[in-house]
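These notes concern the structure reproduced below.
The values are calculated or read from the model by the stated rules, or taken from the named source; none is laboratory data. On a predicted model such as this, the values are computed, not experimentally measured, just so you know. Because the Cβ atoms are built from the backbone with ideal geometry, glycine has one as well, and the counts that use them run over all protein chains shown. The protein model used for the area step is the full one, side chains on, heavy atoms only, and it has no ligands, DNA or RNA in it. Shrake-Rupley method; radii C 1.70, N 1.55, O 1.52, S 1.80 Å.
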Amino acid sequence: MSQAAEQGGQTLSSTIATTLRAAISNGEFAPGCKLRLEDLRATFGVSLSPLREALARLAAEGFVQVEDQRGYRVAPVSEQNLLEVTRLRGMLEPFALRRSIEQGDDSWEGSVVASLHRLNKLERVAARSEQDAWEVAHRQLHDRLISACRMPLLLQFSATLHDLSDRYRRLFLKARPLDDAVRREHADICDAALERDADRACRILHEHIERTGSNIRRAIVKNEVPPYNRS
């Protein structure tokens, strides 16, 4: 296989993984549902090779489970998994934020301000039709806050944890309105970060992550989230 063909295959599998990850995160594929290769192959119009590569990547990230004889299933949601994701994210993301506050320049500050403004505009609309746009803006803000940490592996791990956390939050938000405290917390995190008050910014971010996780955990315990596995 030529180098160009190999790169093309990797790009295709990456595109498929990105699309499937988003579909799993927003609930298009329910937790625990079987992913049939032939159905996915027809949907994407691809051969099995890039499809299996994409599913293997999602399995490594925790979105998909590999079953016997090359079967695949959407990973179930569970209280235990949520606790693990929340705790890890609560450790890594504030650490990345602290590094960004130490090393961020004027450009980083500007990107944080712009991202918060964009998110606030969408929160004022607060329409369910704007939910997808809000999700994009919300993720961009969190990404911008830690973007100056200059630690690529940390950013990669944080991105995966945020993806997994977003999956729980989006399933939770299907039946709940946006928490009124979210906007205030985002503003407080950004204010502290821009003031270079790392201790305060990281404390608020950690509390923000933990509080959201606790709210979702209560919904799981009450069985207010789609099918899940408590194990």
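Just to be sure, is H206 crowded, with 20+ Cβ neighbours inside 10 Å, assigned by the TED database to the domain that holds S100, modelled with pLDDT of 95 or more and touching a helix residue (DSSP H, G or I) at 6+ places or on another chain (Cβ under 9 Å)?
On the way: crowded, with 20+ Cβ neighbours inside 10 Å: no; assigned by the TED database to the domain that holds S100: yes; modelled with pLDDT of 95 or more: yes; touching a helix residue (DSSP H, G or I) at 6+ places or on another chain (Cβ under 9 Å): yes.
The answer is no for H206.
Can you confirm whether region 53-66 contains a residue that is assigned to a helix (DSSP H, G or I), in contact with a Leu (Cβ under 8 Å, 6 or more places away or on another chain), more than 28 Å from T212 (Cα to Cα) and at pLDDT 90 or above? First the steps, then the outcome.
Pass one, region 53-66, residues assigned to a helix (DSSP H, G or I): 53-61.
From what's left, in contact with a Leu (Cβ under 8 Å, 6 or more places away or on another chain): 54-55, 58, 61.
Subsequent filtering for residues that are more than 28 Å from T212 (Cα to Cα) retains 54-55.
With at pLDDT 90 or above added as a condition, the list becomes 54-55.
Checking region 53-66: at least one residue is assigned to a helix (DSSP H, G or I), in contact with a Leu (Cβ under 8 Å, 6 or more places away or on another chain), more than 28 Å from T212 (Cα to Cα) and at pLDDT 90 or above.
Can you work out which of the residues in region 22-51 that are open to solvent by 60 Å² or more (accessible area, probe 1.4 Å) and touching a strand residue (DSSP E or B) at 6+ places or on another chain (Cβ under 9 Å) is farthest from R170 (Cα to Cα)?
Among them, the one singled out is R36.
Considering only region 18-43, state which residues are within 23 Å of the chain's Cα centre (by Cα) and over 16 Å from D166 (Cα atoms). I'd like the intermediate steps shown before the answer.
Within region 18-43, the first condition is being within 23 Å of the chain's Cα centre (by Cα), and the residues that meet it are 18-35, 40.
Within region 18-43, G32, C33, K34, L35, L40 meet the criteria.
Tell me which residues, restricted to region 57-82, are open to solvent by 60 Å² or more (accessible area, probe 1.4 Å) and either under 14 Å from P31 (Cα atoms) or not basic (K, R) (or both). Even if it seems obvious, please write down each step before you answer.
Step one: list which residues in region 57-82 are open to solvent by 60 Å² or more (accessible area, probe 1.4 Å), which gives 57, 60, 65-70, 73, 80.
Matches in region 57-82: A60, Q65, V66, E67, D68, Q69, R73, Q80.
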